[in-house]
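The values are calculated or read from the model by the stated rules, or taken from the named source; none is laboratory data. Not measured: the values here are computed from a predicted model. With ideal geometry, Cβ positions are generated from the backbone for all residues, glycine too; neighbour counts draw on all protein chains shown.
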Amino acid sequence: MLKSPPSKWATRLFFLWLLSSISFIARADFVVSDIRVEGAQNIEVGTIFNYLPIKVGDVADDALVNDAIKTLFATGFFRDVEVRRDGDTLIVVVAERPAIAGIEFSGNKEIKDEQIQEVLGQAGVIEGRVFREALLDQLVKSIEENYFGKGRYSAQVDTVVTPLDLNRVAVTITIDEGRVARIREINIIGNEIFSDKELKSEMTLGVESWHSFLSQSGQYSKEELLADLETLRSFYLDRGYMDFDLLSSDVSISQNKQDLFISLSISEGSLFTVRDIEVESGGGFSADDLKAKITMPVGEAFSQRDLVASRTAIETLLSEKGYAFANVNAITEIDEATREVDFIFAVDPGPLVYVRKINIGGNQSTLDETIRREMRQLESSVFSAEKIRRSRERINRLGFFDDVRIDVVPVPGATDQVDLAVVVKERSTGNFMFGAGYADSDGLFIVAQVHRGNLFGTGREIRFDAEVSKVDQIFDIEYRNPYVTAEGVSRSLFVNRAKTDTDSVITADYLSETTGGGLRYSIPMSEYNSLSLSLAAEDIQLEGTSTTPPEYQSFIDRYPDSLNFNLSSAFSKDTRDSIFFPQKGFYRRASVEAAVPGSDLEYYKLSLKGSFYLNLVGKLILNLRGDLGYGAGYGDLNELPFFKNYYAGGASTVRGFESRSLGPISSGADQEPLGGALRTVANAELFFPVPGFTDGQDKRLSLFADSGQVFAATSDFDVGDVRLSLGGGFHWFSPVGPISLTYAFPINDEAGDDTKKFQFTLGSLVR
């Protein structure tokens, strides 16, 4: 006789018990007079009653009991549910799932804590919530997917669940981020018109290179790949290939999860040319005037970039004339047979819009008036997008705010009116700064500054500056009111004291002490032009040393102590898009400084400076600079005071030569530079991004050509004496200040020239 295994007997006994239990309830249907819950620890009994489909007074039968068990299981709160009868009392016995008492995670550096917390919340792993094993699997998968999206395919997430008292657990998550998988190869299939090199140069992603340890090159990101695919699409559309198609994009990974291989399959399509362009305009605008803004030449290849630019240009023109809601729709008609395309620009200007009100918000310390006076868009006037842009720019340049936003808010029920919401985020305008820097001309220098801007919210400021180097000790105090008049005339009162000792630098030796003060006005002539006028008094004490050359000593003997009244004026125009690292625009400044007749030292200085920035392509920036300065004495003084001389050579003029070294040389044995009355400097510099840091706005490389020289007088000018240099540089606006490292080769240096190929500057001098 065959015997059943023990496991089979156990299974049979279980089913017999289950059937007997069900049949018991089925045979003994009863009216529930009371319900009792047993086993609840963390879940409120009232919560269980809310979910329980059986109420007092119900007839408990088999179907109702089964429904109750299923309902309680469905809540996810319990790992076991049992329903029993005690007389007319229904007993619900539950075994709760443990509650999450605490969550700890570690090892995440690439992903911030806030992102991990968000993933935990999405997975339902939250302190106080019921813990379920299935949640961990979902959690691990979600965290790993986040790392996979950043190219970290070897990332590992380990979880440990520790039981605690009171039916609770602690969850510990340990993350090993692994290393970013490097792109070993990018294959493009289907391109014949454009080479692999051309297409890959447009992409942000690239294969690992020698400088990958310094940059992000070779690292994979899903987001960057998607962006690159759109870049390639735009690349072809901008060159006329309107039916370009991306057939597929595949990313494969090596077995060790360290190497990635990207394969892109494309169909370039055919080249389409622009056959005809028409403009249909409403609102009385001339179609010819609008057509003049279209940059798509007929007969040449279609360009999506030009199409978008043309639409934007027309909308900008209309918005500047007050049509804030103008709509330009480019209707395309494609001739597949001839590979030509016609465009109809349908222009709907909409109504002429006026600005009803300007509301200012976010300012706690700054007065509304201080912000409002910078507005070029006025209330009750025609809307102008250009004036709004300029208003934001002027408010931002105040330096009082971290962020400035101007929103256009439609007025309910009015199609021809809008409100402007000027929203600012204030920054601290009072600060104390202490720092140090280095320049070839001055060596190590220490700077301290106490500044309080935006006094009482009025925009006024007071400043104290101190600078100490081996050459100079300079102390300045200045109070400025930016709006003496409603037109924006500013007035500054200043006092300064300076000591100079040139013994430790390459120039001729002398000592000086200067105490002065004065008044300065700045007058805006237009949005970008300004005129400054200042009157200052200076008490200057000069002293020679044992090594002072005779050219200086002769002047010191005649004028050891002088009181001078100087009148200065400057006209400047600045259209640069940024003070630091501009990409476009120009800056020019013409100035004159002259001692008032009757001063102890009667002299004048003329200066002309210009700087032009041109964005050639992408982030390739060409900068052309020029500097011309001349000075002389008048009246009883037949020479420019030597301490007002011009100098050249060094990081700010002609690189490759020692700072201040160019020009006339003293007749003494030391042969030291004297400076001169005439300076000519010209520079050409090409700026471009640092490889691997193309998105950074704080660092760049450059190639440059410098030329310049200093002459004792205009009669000494000789083009053959102008020094030339070529070189390259690295420039970084670092957290500790601007850093510049350059290496230059003098082209035509002569015997006696002090050359210095490598030059380094950290920070900038106050003066």
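Observations on the model:
- Checking the range 606-619 against the condition returns a match, with at least one residue being surrounded by fewer than 20 Cβ atoms within 10 Å (Cβ to Cβ), in contact (Cβ under 8 Å) with a residue 40 or more places away in the chain and in contact with a Ser or Thr (Cβ under 8 Å, 6 or more places away or on another chain).
- Within the range 667-687, considering residues that are assigned to a loop (DSSP other than H, G, I, E, B) and aliphatic (A, V, I, L, M), the one surrounded by the most Cβ atoms within 10 Å (Cβ to Cβ): ALA677
- So ASP561, is it touching a strand residue (DSSP E or B) at 6+ places or on another chain (Cβ under 7 Å), loosely packed, with under 15 Cβ neighbours inside 10 Å and not aliphatic (A, V, I, L, M): yes
- Scoring ASP368 on the criteria (1) within 23 Å of THR485 (Cα to Cα); (2) exposed (fewer than 15 other Cβ atoms within 10 Å of the Cβ); (3) touching a residue at least 60 places away in the same chain (Cβ under 8 Å); (4) not basic (Lys, Arg) leaves a single failure, condition (3).
Results for (1) aromatic (Phe, Trp, Tyr); (2) at pLDDT 80 or above; (3) at negative phi, shown as yes or no for each residue.
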site	(1), (2), (3)
VAL424	no, yes, yes
SER428	no, no, yes
PHE434	yes, no, yes
TYR438	yes, no, yes
GLY443	no, no, no
ARG463	no, yes, yes
ARG497	no, yes, yes
ALA508	no, yes, yes
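- When we screen SER492, SER526, SER512 for residues that are free of Cβ contacts under 8 Å to residues at least 12 places away in the same chain and not aromatic (Phe, Trp, Tyr), the only hit is SER526.
- Looking only at the range 260-289, and only at residues there that are modelled with pLDDT of 90 or more and not in a strand (DSSP E or B), the one that is surrounded by the most Cβ atoms within 10 Å (Cβ to Cβ): PHE272
One line per residue, one yes/no per condition, for (1) modelled with pLDDT of 90 or more; (2) in contact with a strand residue (DSSP E or B) (Cβ under 8 Å, 6 or more places away or on another chain); (3) closer than 30 Å to ALA40 by Cβ:
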position	(1), (2), (3)
VAL180	no, yes, no
ILE183	no, yes, no
SER201	no, no, no
SER212	no, yes, no
LEU237	yes, no, no
VAL251	no, yes, no
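- Residue among LEU13, LEU64 that alone is part of a helix (DSSP H, G or I), modelled with pLDDT under 85 and more than 30 Å from THR159 (Cα to Cα): LEU13
- Exactly one residue out of THR485, THR547 is more than 44 Å from the chain's Cα centre (by Cα), in a loop (DSSP other than H, G, I, E, B) and in the same structural domain as ALA590 (by TED's automatic domain parsing): that is THR547.
- Candidates GLU110, GLU82: the one that is at pLDDT 85 or above, among the acidic types (Asp, Glu) and either on the phi < 0 side of the Ramachandran plot or out of contact with any helix residue (DSSP H, G or I) (no Cβ under 8 Å at 6 or more places or on another chain) (or both) is GLU82.
- Annotation: of all residues in the range 578-603 being at pLDDT 90 or above and among the small types (Gly, Ala, Ser), the one that is surrounded by the fewest Cβ atoms within 10 Å (Cβ to Cβ) is GLY598.
- Screening ASP627 with (1) crowded, with 17+ Cβ neighbours inside 10 Å; (2) within 47 Å of the chain's Cα centre (by Cα); (3) without any contact (Cβ under 8 Å) to a residue 60 or more places away in the chain gives one miss only, at (3).
- The set of residues from the range 152-182 being among the aliphatic types (A, V, I, L, M) and within 20 Å of GLN117 (Cα to Cα) comprises ALA155, VAL157, VAL160, VAL161, VAL169, ALA170, VAL171, ILE173, ILE175.
- Residue in the range 109-118 that is outside any loop (DSSP other than H, G, I, E, B) and more than 19 Å from ALA170 (Cα to Cα) present: yes
- Selection of the range 569-608 for residues being of a type in the set (S, T, N, Q) and either under 19 Å from LEU637 (Cα atoms) or outside the structural domain of GLU527 (by TED's automatic domain parsing) (or both) yields only SER599.
- Members of the range 369-387 found to be assigned to a helix (DSSP H, G or I) and under 13 Å from GLY488 (Cα atoms), listed by number: GLU369, THR370, ILE371, ARG372
- Within the range 254-296, considering residues that are in contact with a strand residue (DSSP E or B) (Cβ under 6 Å, 6 or more places away or on another chain) and polar (S, T, N, Q), the one nearest to VAL328 (Cα to Cα): SER281
- Residue in the range 492-513 that is out of contact with any helix residue (DSSP H, G or I) (no Cβ under 8 Å at 6 or more places or on another chain), surrounded by fewer than 16 Cβ atoms within 10 Å (Cβ to Cβ) and within 30 Å of PHE586 (Cβ to Cβ) present: no
Residue-wise test of (1) among the polar types (S, T, N, Q); (2) modelled with pLDDT under 90; (3) outside any helix (DSSP H, G or I); (4) surrounded by 17 or more Cβ atoms within 10 Å (Cβ to Cβ).
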| position | (1), (2), (3), (4) |
| --- | --- |
| SER310 | yes, no, no, yes |
| SER319 | yes, yes, no, yes |
| ILE334 | no, no, yes, no |
| THR338 | yes, no, yes, no |
| PHE345 | no, no, yes, yes |
| VAL355 | no, no, yes, yes |
| ILE358 | no, no, yes, yes |
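- Qualifying residue in the range 149-168 (condition: in the same structural domain as GLN255 (by TED's automatic domain parsing) and in a strand (DSSP E or B)): no
- Candidate set from the range 744-757 (those that are surrounded by 15 or more Cβ atoms within 10 Å (Cβ to Cβ) and either of a type in the set (Gly, Ala, Ser) or within 18 Å of GLU685 (Cβ to Cβ) (or both)); member that is farthest from the chain's Cα centre (by Cα): PRO746
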